[in-house]
């Protein structure tokens, strides 16, 4: 019985990652179809799946970690890119904020991956992704995107700076 529970737990993370990917695609599609409220609900489902998957992730499960990391990048890439595309002419400040958040997210992810591959211990918190997923989702549902994308961009830039400072501190030590 114990073995079965472990297998079920191990299978949960890839299932949650796949569910998150499906919700991300649906959210991006709904954004492009100009239904931001529904897109926000789909993004909230995706973010919830990713957070739950992250809490169930075991430290030695590399495949699940890669799947969650891929899904996290897809969340930003698909949803923020779709938001930037849809608002590029009508609300250029929102589009710019979405692009800054998108670029900062990929930079923070690169710093974490590169630092980890070089042997630096880069801490990963759950607060930053929860803020990104939750704020972006709620902003789409409630039409708060004009300021929320800039908050997401700021949080993501801060995450990149913190990760870079962790690498710098370890390099000096």
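The values are calculated or read from the model by the stated rules, or taken from the named source; none is laboratory data. What you are looking at is a predicted structure, and each value in this text was computed from that prediction instead of being measured. Positions of Cβ are generated from backbone atoms using ideal geometry, with glycine treated the same way; all protein chains shown enter the neighbour counts.
Of 38, 23, 28, all but one fail to be over 19 Å from residue 143 (Cα atoms) and modelled with pLDDT of 90 or more; the exception is 23. If you go through segment 140-173 and keep only what is in contact (Cβ under 8 Å) with a residue 24 or more places away in the chain and outside any helix (DSSP H, G or I), you end up with just 143. In segment 85-95 there is no residue matching the filter, namely being closer than 22 Å to residue 125 by Cβ and not in a helix (DSSP H, G or I).
Table: residues versus (1) surrounded by fewer than 16 Cβ atoms within 10 Å (Cβ to Cβ); (2) touching a residue at least 24 places away in the same chain (Cβ under 8 Å); (3) closer than 20 Å to residue 22 by Cβ.
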position: 76; (1), (2), (3): no, yes, yes
position: 85; (1), (2), (3): yes, yes, no
position: 95; (1), (2), (3): no, no, no
position: 98; (1), (2), (3): no, yes, no
position: 102; (1), (2), (3): no, yes, no
position: 111; (1), (2), (3): no, yes, no
position: 115; (1), (2), (3): no, yes, no
position: 121; (1), (2), (3): yes, yes, no
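Looking only at segment 129-139, decide whether some residue is at pLDDT below 95, in a loop (DSSP other than H, G, I, E, B) and touching a helix residue (DSSP H, G or I) at 6+ places or on another chain (Cβ under 8 Å). No - not one qualifying residue is present in segment 129-139. Screening residue 121 on (1) farther than 16 Å from residue 47 by Cα; (2) touching a helix residue (DSSP H, G or I) at 6+ places or on another chain (Cβ under 7 Å); (3) modelled with pLDDT of 90 or more shows it passes everything except condition (3). Here 67, 46 are screened, and the one residue that is at pLDDT below 95 and within 13 Å of the chain's Cα centre (by Cα) is 67. Filtering segment 145-166 down to residues that are more than 14 Å from residue 93 (Cβ to Cβ) and surrounded by 19 or more Cβ atoms within 10 Å (Cβ to Cβ), which residue is nearest to the chain's Cα centre (by Cα)? My answer is 156. Can you tell me which of (1) touching a helix residue (DSSP H, G or I) at 6+ places or on another chain (Cβ under 9 Å); (2) modelled with pLDDT under 95 is the one residue 168 doesn't meet? With (1) touching a helix residue (DSSP H, G or I) at 6+ places or on another chain (Cβ under 9 Å); (2) modelled with pLDDT under 95 applied to residue 168, the lone miss is (1).
Within segment 52-71, restricting attention to residues that are closer than 15 Å to residue 22 by Cα and in contact with a helix residue (DSSP H, G or I) (Cβ under 6 Å, 6 or more places away or on another chain), which residue is surrounded by the fewest Cβ atoms within 10 Å (Cβ to Cβ)? Restricting to residues being closer than 15 Å to residue 22 by Cα and in contact with a helix residue (DSSP H, G or I) (Cβ under 6 Å, 6 or more places away or on another chain), the top hit is 67.
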